[in-house]
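One structure below.
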Amino acid sequence: MPDYRRLFIPGGCWFFTATLSDRRSRLLVERIDVLRMAVAAVKRAHPFGIDAMVVLPDHIHAVWTLPEGDADFPLRWRLIKRAFSVALPEEAGLATARRREGERGIWQRRYWEHLIRDDDDFGRHVDYCHINPMRHGLVSRVRDWPYSSFHRAVAAGTYAEDWGGEVA
């Protein structure tokens, strides 16, 4: 088994991608209410800042900043995934192989994380979150995807509403 190594920097900032087991699923946007409740509950119990986030049908991209002295992002992801999975009907999104093992199997077991190294890296990853629905062909303009922190960034004056252009 591979030896996965993670950097644990208290108060650090990370980019994440968390993905459903079934890449054809639309469960995250179909049950966005459940996902929002899961994230909010974990944020209340274990605070962290969401600098950027986009929810696509089968995966999430996020940039988080953890509080000073705290580096436990694995706990937060485990709790979010669990809260989302437990709140769904038992048959929702079950992967056949995992069902045989007695697991829910909604999420891929791992997630991608990248420690944000500087302001340029931060900007690139926030932009990546916001442009992603357009890159996947889900919308022709970034502002048309409803499950994105892009709208919050436009309201704060960080982005222009027409940022990202338009797919012809």
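Where a number appears in this text, it was derived from the coordinates with a stated rule and is not lab data. Since the model is a prediction, treat every value here as computed from it, not as a measurement. A quick note on method: Cβ atoms are made from the backbone with ideal geometry, for glycine too, and the neighbour counts reach across all protein chains shown.
Arrange the peptides 117-123, 73-79, 144-150 so that the one whose residues have, on average, the most other Cβ atoms within 10 Å appears first. Present the calculation step by step, with values, prior to reporting the outcome.
On the way: 117-123: 11.4, 73-79: 16.6, 144-150: 19.6.
Sorting 117-123, 73-79, 144-150 by mean packing, highest first, produces 144-150, 73-79, 117-123.
Using a simple charge model, +1 on the beta-carbon of Lys and Arg, -1 on the beta-carbon of Asp and Glu, nothing else, what dipole does the chain show about its Cα centre, in debye to the nearest 20? Please report the intermediate quantities before stating the final value.
On the way: 25 positive and 23 negative charges, 151 e Å.
Using Cβ point charges on Lys, Arg, Asp and Glu, the chain gives about 720 debye.
Need one number for the range 26-168: average projected area of the convex hull over its C-alpha atoms, nm². Don't skip to the answer; put the middle values down first.
Values: hull surface 39.3 nm².
Its Cα hull, projected and averaged over all orientations, spans 9.8 nm².
Can you tell me the order of 44-52, 27-35 when each peptide is scored by its average per-residue count of other Cβ atoms within 10 angstrom, highest first? Let's see the in-between values first.
Details: 44-52: 14.4, 27-35: 16.7.
Taking the mean over residues of other Cβ atoms within 10 Å, the ranking is 27-35, 44-52.
In a reduced charge model with +1 at each Lys and Arg Cβ and -1 at each Asp and Glu Cβ, the range 24-74 shows a dipole moment near 300 debye about its Cα centre. Taking the charge dipole of the chain about its Cα centre, with +1 at Lys and Arg Cβ atoms and -1 at Asp and Glu Cβ atoms, the residue from GLY157, GLY105, PHE73 reaching farthest to the positive side is GLY105.
Each residue, VAL139 and ASP120, gets one label point 7 Å from its Cα in the Cβ direction; the gap between the two is 2.9 nm.
Distance from the alpha carbon centroid of the range 43-90 to that of the range 15-38 works out to 11 angstrom.
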